[in-house]
Amino acid sequence: MTIRPIIGMGAVAATGSGVDELFESLCEGRSGRAELRGFDRSRFRAQHAYEVDNRPVAGEDVPGRATGLLLDAVGQAAADAGLGEDLSGIPVLVGTGLRELRSLELWWRDGSPFADSGLHFGPGLRERFNADVTHTFSNACSASLYALALGSDLLNQEGDDAPDTVIVAGVDVLTESMYGLLERVHPQPPDRVRPFDRNRTGVLMGDGAAAIVLRRTEQDAPQVHGRLRGVAVNCDAYHVTAPSPEGIAEAMRAAHRLAGVKPSDVDLVMLHGTGTLLNDEAEATALADVLGDCASGPLMTAVKSMTGHTSGASGLINLIVGVRALKEGRVPPTVGLEEPVEEAAPFRFVTGEAAGSRQLNVAQLNAFGFGGINAVAIVEGPR
Amino acid sequence: MTSQSTDTTVVVSGAAVLLPGADTVRALAEGPAEGGTPVEPAEHVGRKGLRYKDRATQLGYCLTAAALKDAGLLGDDGLTCAPESVGVVASSNFGNLDTVARALDTIRDETVTATSPMDLPNASSNVIASSAAIRYGLRGPNLMVCNGETSGLDAMHWATTMIAAGRAERVLVLGVEPDNDVVRKLLGGARAVDGGAALVLESRPAAERRSATVRAVLGPYTRGAGTPVPGSARRWELPEHLGRASGAHGVLQCAAAVGWFDAGERGPVHAVAGTAADDARAGLLLMAPEAA
C-alpha cells in the first residue's frame, strides 16, 4: 500500500462551480434539478435533468460543452496545486462515459462543424494547457475512478521516466441518445433522482466535471486536501447493463485490502446511488455484505440526489466531496430519501440537514458502470 | 492482486487479426491484398448472441476468441485460467457512433417512445470491452480507451501498466474499428478498416508458469508532442486500400510485428501512431522473443 497526497482539486456541476461552492450548496441540500435546458422537450417523456446552466442562449445547445467543463475543472485543480497553465509532460487521465458524443449528435442532426479528432479530449487539453500526455478513457459511470486507479499505478512506477505528478479528471454532459434510451427503459418516466428510496422512479442525467492533482510525495506540496490509499477495479462479466452484487462486493473487498483498512475503519461511504431501479439494491446488498457487523457504522450519502447522474464524472465528484467532508467533518445529505429500500435498512444515511461536527478519517467511494465495471477507492482526510 | 515478481517484463503470448484480406498475423505482416471480402462474424463465433450487438462488438467477439485460443487460454470448455487473472483493454474511436446516430434519428423523427431498449448498452462507448468480458468470462480490470489516433498504442501501454502494477496477470488488448455510413460521413467519405486485431499481453513469469510460447517482448512506450527519434527499427505500413484504422492502428502494427517474428525475423519493430496534425504522437518498441 502506498499513500498519495491529493494536492489540487477542481469541480463543476449543476449545483455549483468550484469545490467550495459545490460543497456548500450540497451541504445546504440544494438540488441542480431543472427542466431540460438544451433539448426539444416534446421528444421526451421525462422532462428534467441536472444540467450546468452555461449555454450562451437559453434553450439552444452548443457543441464542445463537455470539453469546456473539463478544461474548467482541470484549470481549477492545476491552479490549486500551483502547476500553472502549462501541463506539458504531466499525464492527464480523463474518465468519461460519453466523450464528445453530444457534439457528434449536433453535427449529425444540426450541421455544426465536427471532425473525428473531436471525439476525445486530447486536442482541447493540448490547445488550452499544452498537455500532450493525455488519455481519454470511455469507461461508463465508473470511468473517473478507473482513471484514478491507472493514475495511482503510474505514481507507483519506479525509474527515471516515472512521473511525480498526475492529473486525474472526469467529465460528462447529457447526450440526447443516452438521455432518451435511459428514460425509455423505465416503466414511468423518471422525475427526480431519489437514491435508495422505495418510491423512486429511476435515474436522470446531470452535467459535471471534476479533476484532482495527485503527487508522489508531500514534499513541497502547497497543501494536502486528503490522501488516496488505494483503488480497486474489476468487471462482473455478467450483464451489459444489470449489476452483480457479487462483483461489486469483490471490488469493495479488494479496495479495503489495497488500502489496508477494515470495515470498522470506514467512517463515510460516498455511495454510487444513481436511483436506477435495481442498481441501488445491488449496491446496498454488496455493501451490507462487505461491512458485515459494521454496516451501521459509517455515515452514508448519495449526492446524485442533487447533481443528477454525472456518469463518468461522478466517481471523482464523490471523491472531492468526500475528501472535503473528511476535512470539515460535515457530510451533505441525500435529498429526497424518505423510505430506504429493505437492503439498505442497516445504513446510517445522512438525510434532512448535513451531518456536522464529526471526526471522520476514512471514506469509501463507489462507482459502477454499464458492463459491470466496478471501481472502489479509499481516501483519508488531511489530518 | 496477483503474485508479485521482480520481473516486470511484459510479453505477447497470443495474437489474432481479422480484416478484409487478412485473417492471420502472417498475412497481415505481408500486407493484405486488395479486394478482400468483409469479415462475417457468424462464421467465426456462430450466430448465437450476435443479435442486437453492433458491428464493432461482433468483430470484438471474434478477435477475443481467436486471440485467447491462440494464447492457449480458451478451450472447448471455456477459459483455462482464473477469470480474475484476465483483464481487457479495448481501443476504438468509431465503435458505437452508428448506435448514437440511429437512436438520435429515432428520437428526433418519432420521439423517444420509438427507440429500442436494446440500444441502451450500445449507447455506452465501452460496450466493446465489457461485451468481450461478459461473453468469455474475463473478470479482471476492463478498460475502454478512446484516445484518437494514438489509441491503440495507448491501450497497449495501459495493459502493460496494469500487468506491471499486479492488477492482472494477463490482459487482452483489442483494437477494432467498424465501417458504416456514420463513420464514412465523419471521415469525409473515406472508409474505415472494418476489422482489427487482438493481442494477449502477459507478465513473463505468468507466461512461463503455464509454459506459453512467447511471441514478442514489449519495449518502451512514449506519448508526447515531440517528433519521435528516427530509429533503425522496422515499421509496418497500413495499406491505403484498407481505409482508416484509427483506434485499431496501433494494435494492428503490434500484430504485424508478431507476424514478422513468427516468420523468423529478428530485428526490432517500432509501432508509431499520430502525426504532427494530431494532439500527440505515440511510439512502442517490440522485440523478438529472444530479446527477453
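Kindly provide the set of residues from region B:22-45 that are of a type in the set (Asp, Glu), exposed (fewer than 14 other Cβ atoms within 10 Å of the Cβ) and in a helix (DSSP H, G or I), ordered by number. Walk me through how you get there before you give the answer.
Kept after step one, since they are of a type in the set (Asp, Glu), are these residues of region B:22-45: B:23, B:30, B:34, B:40, B:43.
Filter again for exposed (fewer than 14 other Cβ atoms within 10 Å of the Cβ), leaving B:34, B:40, B:43.
Selection gives B:GLU43 alone.
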Kindly indicate the residue of region A:157-173 that is of a type outside the set (Val, Ile, Thr) and more than 28 Å from A:PHE370 (Cβ to Cβ) and also farthest from the other protein chains (Cβ to nearest Cβ) among those meeting that condition. A:ASP164
Test result for A:GLY226, in contact with a strand residue (DSSP E or B) (Cβ under 6 Å, 6 or more places away or on another chain), at pLDDT 95 or above and either surrounded by fewer than 20 Cβ atoms within 10 Å (Cβ to Cβ) or over 25 Å from A:ARG198 (Cβ atoms) (or both): yes
Any residue at all in region A:237-246 that's small (Gly, Ala, Ser), crowded, with 17+ Cβ neighbours inside 10 Å and more than 16 Å from B:ASN142 (Cβ to Cβ)? no
Given the criterion touching a Ser or Thr at 6+ places or on another chain (Cβ under 6 Å), away from chain A (no Cβ under 11 Å) and either modelled with pLDDT of 95 or more or part of a helix (DSSP H, G or I) (or both), identify the matching residue among B:ALA56, B:ALA66. B:ALA56
Matching residues in region A:113-159 - criterion: being of a type in the set (Gly, Ala, Ser), over 19 Å from A:ALA73 (Cα atoms) and not in a helix (DSSP H, G or I): A:ALA115, A:GLY159
Can you name the residue in region B:116-143 that is over 15 Å from A:ASN234 (Cβ atoms) and not in a helix (DSSP H, G or I) and, of all such residues, is farthest from the other protein chains (Cβ to nearest Cβ)? B:SER116
Out of A:LEU337, A:LEU360, report the one residue that is in contact with a strand residue (DSSP E or B) (Cβ under 6 Å, 6 or more places away or on another chain) and under 16 Å from A:ARG200 (Cβ atoms). A:LEU337
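In this structure, is B:SER91 modelled with pLDDT of 95 or more, more than 7 Å from chain A (Cβ to nearest Cβ) and under 19 Å from A:GLY312 (Cα atoms)?
Working: modelled with pLDDT of 95 or more: yes; more than 7 Å from chain A (Cβ to nearest Cβ): yes; under 19 Å from A:GLY312 (Cα atoms): yes.
Spelling it out, B:SER91 is indeed modelled with pLDDT of 95 or more, more than 7 Å from chain A (Cβ to nearest Cβ) and under 19 Å from A:GLY312 (Cα atoms).
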Note: among A:LEU155, A:LEU145, just one is over 15 Å from the mean Cα position of the chain (by Cα) and under 19 Å from A:LEU93 (Cβ atoms), namely A:LEU155
Cβ-Cβ below 8 Å, separation at least six or inter-chain, first residue in region A:306-328 and over 20 Å from A:LEU360 (Cβ atoms) and modelled with pLDDT of 95 or more, second in a helix (DSSP H, G or I) and among the β-branched types (Val, Ile, Thr): which pairs? A:THR307/A:ILE317; A:THR310/A:ILE317; A:SER314/A:THR307
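Quick check: anything in region B:226-239 touching a Pro at 6+ places or on another chain (Cβ under 9 Å) and closer than 23 Å to B:VAL182 by Cα? Write out each step before concluding.
Looking only at region B:226-239, we keep the residues that are touching a Pro at 6+ places or on another chain (Cβ under 9 Å), and these are B:231-234, B:239.
Then drop every residue that is not closer than 23 Å to B:VAL182 by Cα, which leaves B:239.
Yes, the conditions are met somewhere in region B:226-239.
Condition first: free of Cβ contacts under 8 Å to residues at least 24 places away in the same chain and either farther than 19 Å from B:THR106 by Cβ or assigned to a loop (DSSP other than H, G, I, E, B) (or both). Now tell me which residues in region A:38-61 satisfy that.
Quick first cut of region A:38-61, residues free of Cβ contacts under 8 Å to residues at least 24 places away in the same chain only: A:40-42, A:54-60.
Across region A:38-61, the qualifying residues are A:ASP40, A:ASN54, A:ARG55, A:PRO56, A:VAL57, A:ALA58, A:GLY59, A:GLU60.
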Condition check for B:THR161: in contact with a helix residue (DSSP H, G or I) (Cβ under 6 Å, 6 or more places away or on another chain), surrounded by fewer than 24 Cβ atoms within 10 Å (Cβ to Cβ) and either charged (D, E, K, R) or at positive phi (or both): no
Being within 14 Å of chain B (Cβ to nearest Cβ) and either modelled with pLDDT under 95 or assigned to a loop (DSSP other than H, G, I, E, B) (or both) is the filter here; which residues of region A:185-209 pass it? A:VAL185, A:HIS186, A:PRO187, A:GLN188, A:PRO189, A:PRO190, A:GLY202, A:VAL203, A:LEU204
Check whether at least one residue in region A:129-149 is more than 9 Å from chain B (Cβ to nearest Cβ) and surrounded by fewer than 24 Cβ atoms within 10 Å (Cβ to Cβ), and report yes or no. yes
Look at region B:144-159 and say how many of its residues are within 7 Å of chain A (Cβ to nearest Cβ) and in a helix (DSSP H, G or I). 3
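The values are calculated or read from the model by the stated rules, or taken from the named source; none is laboratory data. Note that this is a predicted model, so its numbers are computed, not measured. Glycine also receives a Cβ, built like all others from the backbone with ideal geometry; neighbour counts cover every protein chain displayed.
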